[in-house]
Amino acid sequence: MPVGSKKGSVIFSGFRALGLYSNHLSHVVRYHKKHREFYIVTAVGNCFHTYNVKKLGIVAVSNALPEDISYLAADRMLVYVAIGKKVSAFARNKEVVHMYTGHGADVHLLLPFGDHIISVDRGNAVIVWDVESEEEYLQITFDKVSFEVSAVMHPSTYLNKILFGSSQGGLQLWNVKSNKLLYTFTGWPSGVTVLQQTPAVDVVGVGLSSGQIIIHNIKFDESLMKFQQDWGPVTSLSFRTDGHPVMAAGSPVGHIGLWDLEEKKLVCQMRDAHNTAIAGLTFLHGEPLLITNGADNGIRVWIFDTAGGGGRLLRSRLGHSAPPTKVQHHGLNGHHILSAGQDGTLQSFSTVHERFNRSLGHGTIIISVVGKIASARQSDWDSIVACHRGYLMTTTWNYQKGSMGAHKLEPERFNKNRALSAVDITSCGNFVVVGLSSGHIDVYNMQSGMRRGQYGEDEAHRGAVRGVSVDGLNQLTVSAGADKLVHIWKFKSRKLVHSIDLGTTPVTTHLHRDSGMLAVALDDFTLNVLDMETKRIVRKFSGHRGQVNDMAFSPDGRWLITAAMDCTIRTWDLPSGCLVDCFLVDFAAVSLTMSPTGDFLASSHVDNLGIYLWSNNTLCGMVSLRPLPADYEPTVIMLPGTCPGQEGDADLNTEMIEYESPEQLDEQLVTLSMLADSRWKNLLHLDIIKKRNKPKEPPKVPKAAPFFMPTIPGLIPQFAPSEDSNQGEQVREVYTSTMNNPSSSLFPPDDGPVGMLKEMGPSGIDAELRGLAPDMGGDVSVLQGFLKMVASMLDSKRDFDLAQAYLALFLKLHLRLISQEPGLMEEASKVSEKLEDTWTSMQTLFNQSLCLLSYTKSALL
């Protein structure tokens, strides 16, 4: 198959997404009678998560759907989700068991109703489905101008009755069994956003788009009380059922209002409960617990156990509420990923289990870029450094304490119109190197936070510093600036050692400390790789069609992985200097990090709140890597879902190239026999082995001969001779024919005497070579034939190890006889010359290989 027809990525496959907990859809609370436990169901993209309320631990992740979920509902047995014009029912929180199709527009409301499910679409059509048969039971169509359905609920104890709310402000009560409109409520001037049953029968809570909350008795069509919130439309309502007459109302700005229904007043405000609109809130039945979720990617559980009526945060699951801008692995095991986002938080996500996730806090200044994050000496002092876009201050963070550190590194000699542009922390964790937009590079001590000097007499670069890194031994510091120069400095003396003109302005840099390779991304979308030891550019790559956002090296330094605004993620092989893998994603990756163990690549993307893990296929099996052509067109791979092992392109063609190695790669190359060492290595020591294995007692004579003895068919009975004696005669005949036929000097490796000897064991080979002597039934011509066979093996350069072993044993057994026979001496001299020539050529090849290996180890590339 041609390379261009490959789809997706050969090296990476989507594994799972981290840090995704909730979106703008309201959660659903379910109660399991057998477990006696409450569960929360939240929608995340095209699947939903199930958490237990006790610990907010994730219980299940549903199978992925082809589209994002637009509404979520649940009853005792099933979870219902709306996707486009379809409604799916999930069993066991995992798999789809029912599918309901028939809507002409996208479904935006769902209500489980006994053995039925009610769905409302954007076209104002209401369909009642039979859950088991998946058939349409009833359809109601409303006039969108006069009554556009915006909310739906089932009033408690009202048999077969459904209450609909409209965006015009009116309500309608229907009997879905008889398909009759029972009553029309005049309603209010503002649209209805929420309908919620109160603990009292016949009374419902109505939330309006004007922010007004109405407690209405639908039996007498009478409003019992009214409340007004000043935070915009009411997004959700819930009522306490543990003996306290309190109602909670959500708002679009993230505040929650708590209203006392007896005193008819606001008793408490829970401001900034979420950073975005309150998508849903639910009081657990009979418990003082309030569950909330929002589009800020968070689930929170509040407990009401303090005076004043307010709730305190009991437990939560929080991700980034704004897209992360920098991700980096923390620690040497690759189990934790540090992530900083535009929401001002620095968080740590575990690739093992969500219970190990932690938030390091919220910065006083919104974090948008984290230059470098290191994990050295984290137990002694602050080990993480972050720089902030548009600000001159560098902050330190403590991973052990999970909070911002003690120091704020800010140069005092500049005014506030300068900003940080690059930062790095040394591998020992003692120093921080900070690059500024003014071209200055300062050094700070991590323990004291004091400034320890600067690079250059005044400024290190005549322009903004685009990248700064320190090598693994604190010997050299390398910096790149907008002046198109790369400077290499002595770390301790801060003297300039070498400068390299890039010719183009760099965008960012990334150093692989173990190999000393510095990757530099340039403004013209190309990449340069600089060797810190030789201080020269050793690789140049081109192919990106947009600005390079981030780069990452594989742990062994062999691959350089880059992400750019052209939505591609490319893998470059440094030794060969070729592009070996490339794939497209729907959203451009803004940050990359490769785990220290090389098992996962983590990425963050534009307009996405999660961190996406890609598994390294080369660790799981054989992967054929070939250079991709210049006109290679990558295909789009879907971002991984939250379910482990979920892959949108599971049927990617990963066909391996079936390579069958010939018996000999080239006539000039020495080829071994590939036989086991035990077949030839111990030939010279066979007498020692036999002596060691000699039995202590003589073998016992059998009491009786076997009943049947092998005989030769014929008139006269004759016992059949043993096969070993015939085989020995055959070998001698082959040697004799070889002597008499000089044209057969080249022996096929698996034919003739070589093939016969290959099939024998060490004892058989020893017996055969002893039998070549005249006193053992052989002849001098047979000995000459054996030497010619060895010479032929040396000429063909095949079975080289066997030729050496056979020749060594032959000389050990017949050396005295060879010295007495001129013909044998002449033949042995020819073999000696061939052997010397072969070893000379092999020694030359060995020296060349050792020289190349020595250069590779010193130059690295």
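The values are calculated or read from the model by the stated rules, or taken from the named source; none is laboratory data. Being a predicted model, the structure only gives us computed values, none of them experimental. Cβ sites come from the backbone with ideal geometry, for glycine too, and all protein chains shown count toward neighbours. Note: areas computed on protein heavy atoms with side chains; ligands, DNA, RNA excluded. Shrake-Rupley method; radii C 1.70, N 1.55, O 1.52, S 1.80 Å.
Side notes on the structure shown:
- Summing Cβ point charges (Lys, Arg +1; Asp, Glu -1) relative to the Cα centre of the stretch 238-289 gives a dipole of roughly 160 debye.
- Near-label residues of the stretch 64-82 by backbone N, under 19 Å of a point 7 Å along Cα→Cβ of Asp115: 75-79
- Anisotropy class of the stretch 73-116 from Cα gyration tensor, a/c 1.5 cut: prolate
- Only Lys, Arg, Asp and Glu carry charge here, each on its Cβ (+1 for the first two, -1 for the last two); on that basis the chain has a dipole of about 3080 debye about its Cα centre.
- Heavy-atom accessible surface of the stretch 510-655, averaged per residue, reaches 39 Å², computed with a 1.4 Å probe.
- Accessible surface of Cys47 - all protein chains present, 1.4 Å probe, nearest 10 Å²: 0
- Signed unit charges on C-beta, dipole axis of the chain, positive-most listed residue Gly405, Gly280, Trp129: Gly405
- Note on P(r) over Cα pairs in 20 Å bins from 0, in percent: of the candidates (i) 13, 43, 34, 9, 1, 0; (ii) 12, 27, 21, 17, 11, 7, 4, 1, 0; (iii) 12, 29, 24, 19, 11, 4, 0, the value calculated from this structure sits at (iii).
- Accessible-area ranking of Asp68, Asp581, largest first, probe 1.4 Å: Asp68, Asp581
- Ordering of 510-521, 313-324 by packing [mean C-beta count within 10 Å, highest first]: 510-521, 313-324
- Relative contact order of the stretch 193-340, pairs being alpha-carbon contacts under 8 Å that are 6 or more residues apart, as %: 13
- Ordered from largest to smallest accessible area (heavy atoms of protein chains, 1.4 Å probe), the residues Arg122, Arg494 come out as Arg122, Arg494.
- For the stretch 201-255 versus the stretch 805-861, the inter-centroid distance based on Cα atoms is 96 Å.
- Surface composition of the chain: carbon and sulfur make up 53 percent of the accessible area, probe 1.4 Å.
- Ranked order, Ser849, Ser615, Ser604 - accessible area, probe 1.4 Å, largest first: Ser849, Ser615, Ser604
- The chain, helix-only ellipticity at 222 nm - DSSP H runs n ≥ 4, -39,500 (n - 2.57), divided by all residues, nearest 500: -4500 deg cm²/dmol
- Cross-link pairs Lys492/Lys535; Lys758/Lys788; Lys144/Lys226 - those with Cα-Cα distance over 23 Å: Lys144/Lys226
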